[in-house]
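See structure below.
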Amino acid sequence: MSGFSLSSEPFTLERDCNAVMVPQGENVVLPAGQVGYITQALGGSFTVYVEGNLFRIAGNDADALGKEPPPPLQLPDDATDADVEALVWQQLRTVFDPEIPINVVELGLVYDVSLETTAPEERKVYVKMTLTAPGCGMGDVLIDDARTKLELVPTIKEADVDLVFDPPWNHSMMSEVAKLETGML
């Protein structure tokens, strides 16, 4: 990956900012005043190019880039399990590999989602998902991103995201949209 293109947006960090190095998955802190380019802004997180390296910055640190954080999620007061599950799937569609501009649902990486009511107005969500390659350095980051975003859903008190490799992922699991986006259609 070349890092940035003519459509990349320049930035200067307004404060120290937590980031994850791509694809190693190593946590780092980028210092205030650091300059770089936003190469991808999808799902509420950002992929940035800084001094020859790619980093992922979470949406809750958007202000460091001079951006707005994602708005809080809402459900109607009379939300049903179906409403919550729809919002769970919506949140999973905001989980992106920092190197691939397609969400994990369209990539076919989410194998199963189920909800359990644990108390009145409290739920636990179970997700089984995989990676495009078992050795993906961003695997832990994607799992943590999914878990964090699912726990933002009102009434979800816990998200259990299991990484599985059976069945092994292949490109036939991608949606038509993802295949078109990647040129595999």
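Accessible area per residue for the chain in Å², computed with a 1.4 Å probe and the full protein assembly in place, what is it? If you can, show how the numbers build up before the last one.
Values: 9770 Å² over 185 residues.
I get 53 Å² per residue for the chain.
Along the positive direction of the dipole of the chain (beta-carbon charges: Lys, Arg +1; Asp, Glu -1; about the Cα centre), which of Leu30, Gly183, Ser114 reaches farthest?
Gly183
Which value, in debye to the nearest 20, gives the size of the charge dipole of the chain about its Cα centre, when Lys and Arg are +1 and Asp and Glu are -1 at the Cβ?
Numbers: 11 positive and 30 negative charges, 96 e Å.
With Lys and Arg at +1 and Asp and Glu at -1, about 460 debye.
Determine the gain in length on full extension of the stretch Glu9-Asn27; use 0.36 nm per residue of separation and subtract their C-alpha separation, reporting nm with one decimal.
Numbers: separation 18, 0.36 × 18 = 6.48 nm, distance 2.28 nm.
Difference between extended and current length: 4.2 nm.
With contacts defined as alpha carbon pairs under 8 Å and 6 or more residues apart, what's the relative contact order of region 65-164 in percent? Working shown, then result.
Details: 130 pairs, mean separation 28.5, N = 100.
Computed over region 65-164, the figure is 28 percent.
Pairing the Cα long axis of helix 81-92 with the longest principal axis of the chain, what angle in degrees results, from 0 to 90 and rounded to the nearest 10?
So the helix axis and the longest Cα principal axis differ by about 20 degrees.
Any idea what the relative contact order of the chain is, in percent, if you count C-alpha pairs under 8 Å spaced at least 6 apart? List each step's numbers first, then the result.
On the way: 335 pairs, mean separation 32.2, N = 185.
Averaging sequence separation for qualifying contacts and normalising by length gives 17 percent for the chain.
Lys pairs in the chain, Cα-Cα under 23 Å, at least 8 apart or on separate chains: how many? Kindly include the intermediate steps, with their values, before the conclusion.
On the way: Lys67/Lys149; Lys124/Lys149; Lys124/Lys157; Lys128/Lys149; Lys128/Lys157; Lys128/Lys179; Lys149/Lys157.
Within the chain, the lysine pair count is 7.
Ignoring everything except DSSP H segments at least 4 long, calculate the 222 nm mean residue ellipticity for the chain; use -39,500 (n - 2.57) per segment, divide by total residues, nearest 500.
Values: 3 runs with 31 residues, N = 185.
Calculated at 222 nm, the ellipticity per residue is -5000 deg cm²/dmol.
Mind checking the full-extension length gain between Asn53 and Asp112? Use 0.36 nm per residue of separation minus the Cα-Cα distance, one decimal, nm. Show your work: numbers first, answer last.
Details: separation 59, 0.36 × 59 = 21.24 nm, distance 3.37 nm.
Full-extension gain reported as 17.9 nm.
With charges set only on the Cβ (+1 for Lys and Arg, -1 for Asp and Glu), what does the dipole of region 1-95 come to about its Cα centre, in debye to the nearest 20? It would help to have the intermediate numbers written out before the result.
Values: 4 positive and 13 negative charges, 96 e Å.
In total the dipole reaches around 460 debye.
Give me the angle, in degrees from 0 to 90, between the Cα long axis of helix 139-150 and the longest principal axis of the Cα atoms of the chain, rounded to the nearest 10.
So the helix axis and the longest Cα principal axis differ by about 60 degrees.
Let me make sure I get this right: for the chain, a, b and c are the square roots of the gyration tensor eigenvalues over alpha carbons, sorted descending. Under 1.5 in a/c it's rounded, otherwise prolate if a/b > b/c, else oblate. Which is it?
Numbers: a/c = 1.97, a/b = 1.33, b/c = 1.48.
Cα axes put the chain in the oblate bin.
The values are calculated or read from the model by the stated rules, or taken from the named source; none is laboratory data. A quick note: this is a predicted structure, and the numbers were derived from the prediction, not measured. Quick reminder, even Gly has a Cβ in these numbers, built from the backbone with ideal geometry, and neighbours come from all protein chains shown. The area values use the complete protein model at the heavy-atom level, side chains included, leaving out ligands, DNA and RNA. Shrake-Rupley method; radii C 1.70, N 1.55, O 1.52, S 1.80 Å.
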